[in-house]
1. Taking other Cβ within 10 Å of each residue's Cβ, how do 19, 123 sort, fewest first?
2. How do the peptides 65-74, 160-169 rank, highest first, by the average count of neighbouring beta carbon atoms within 10 Å per residue?
3. Tell me the mean residue ellipticity at 222 nm calculated for the chain from its helices only (DSSP H runs of n ≥ 4, each -39500 (n - 2.57), averaged over every residue, nearest 500).
4. For region 45-175, with only Lys/Arg (+1) and Asp/Glu (-1) charged at the beta-carbon, what is the dipole magnitude about the Cα centre, in debye rounded to 20?
5. Relative to the longest principal axis of the chain, what angle (0 to 90°, nearest 10) does the C-alpha long axis of helix 2-38 take?
6. By its C-alpha gyration tensor, with a ≥ b ≥ c as the square roots of the eigenvalues, how is region 112-177 shaped: rounded for a/c under 1.5, else prolate for a/b larger than b/c, else oblate?
7. Classify region 43-102 as rounded, prolate or oblate from the Cα gyration tensor: take a ≥ b ≥ c as the square roots of its eigenvalues, call it rounded if a/c is under 1.5, otherwise prolate when a/b beats b/c and oblate if not.
8. Please tell me the relative contact order of the chain in percent, rounded to the nearest whole number, where contacts are Cα pairs under 8 Å and at least six residues apart.
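Just so you know, all these numbers are worked out from the coordinates, no wet-lab data involved. All values reported here derive from a predicted model rather than from experimental measurement. Positions of Cβ are generated from backbone atoms using ideal geometry, with glycine treated the same way; all protein chains shown enter the neighbour counts.
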Amino acid sequence: MKKNIIKFIIFLVFAGIGYLGYAVVEKITHKKNVEKELNELPSFNLITADSTAFSSKQLKKHKPIIILYFNSECHFCQEEATQISNLKKDFEQADLLFISREAPGKIKEFAETYNLNNHDNIYFLHDLGNAFSTKFDVNSIPFTMVYGADKTLLAKYKGAVKANTLLKDLTVDSLFK
């Protein structure tokens with residue numbers, strides 16, 4: 001009887017190790033696939049802060065894109081918005097997509113607070129059902145991605161990033177046009 005219990009415990013240990021190994025390999029494979037898919041801007045559908053449909057097809061061709069996934073209560077997000085607001089003339093060369101899973105009303109309020117509303121190149125979008133954050137593997141806030149005019153990924157930032165760093169990314173992109 002004791003031998004059977006010991007064999008069962010050993011079996012459970014090896015089964016647990018096997019499962020953990022499988023889970024790690026699966027997660028690594030998933031991350032590599034997501035990174036590969038994100039090298040070029042994938043298509044997406046969102047909702048504007050005014051509750052109208054918005055898709056990646058509406059973005060201007062041959063124009064860089066900065067995607068900023070944010071939360072209105074995040075101090076780092078607020079700081080980034082302040083910096084971008086102060087330099088918004090410098091960002092006119094790119095489309096800026098501020099995306100949040102918060103309610104459209106909160107998103108609109110954030111845009112107004114940082115005087116980023118009513119600009120042709122700045123969009124405030126709602127990630128309904130977290131479809132965007134899942135597709136783009138957003139796992140921190142703030143989360144920023146910079147795509148060049150050819151819609152290839154130039155940079156990805158998890159956590160805070162300075163507006164000047166984003167402008168440098170855009171400058172590098174314009175050098176290689």
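1. In increasing order of surrounding Cβ atoms, one gets 19, 123.
2. Answer by packing, highest mean first, reads 65-74, 160-169.
3. For the chain, the value works out to -14500 deg cm²/dmol.
4. Result for region 45-175 is approximately 340 debye, rounded to the nearest 20.
5. 20 degrees
6. Oblate, since a/c reaches 1.5 and b/c is not below a/b.
7. On the way: a/c = 2.36, a/b = 1.17, b/c = 2.02.
Oblate, because a/c is 1.5 or more while a/b does not exceed b/c.
8. 26 percent
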